[in-house]
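The values are calculated or read from the model by the stated rules, or taken from the named source; none is laboratory data. This structure is a prediction, so every number in the text was calculated from the model and none was measured. Virtual Cβ from ideal backbone geometry, glycine too; neighbours counted across all protein chains shown.
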Amino acid sequence: MVLSLSGNFIAADVEKIGQVVRRTVAKGSKSERMAVMLVTADGDFVLRRMGGNPFHDPDLEKMVGKTVRSEGEVAPGYTFLARNIVPLKPG
């Protein structure tokens, strides 16, 4: 674990493999929204690219429906901040 600039602990250098989907998060709250998610064996994470727009990232939208390998950090809560996302070939 590493302390971020905001004072929260984050997991450093994590690899996740999973399916990219679009789904509603924070259902029933003021924060309810559609988000790009990474569904993995470890759980489901809101997927964000480091340096990408947190609300609408066209590059992530193109990944919906694909299985990917991603490297990055798990932020507090259920957000995965990806440094690298690579679609895996089927089969």
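List of remarks:
- Tabulated pairs, region 50-70, first more than 15 Å from N84 (Cβ to Cβ), second of a type in the set (V, I, T), C-beta under 6 angstrom, 6+ apart or interchain: V64/V20
- Of the residues in region 49-63, none is touching a strand residue (DSSP E or B) at 6+ places or on another chain (Cβ under 6 Å), assigned to a loop (DSSP other than H, G, I, E, B) and aromatic (F, W, Y).
- The combined condition, being buried (at least 16 other Cβ atoms within 10 Å of the Cβ), modelled with pLDDT of 95 or more and within 19 Å of P90 (Cα to Cα), is not fulfilled by G65.
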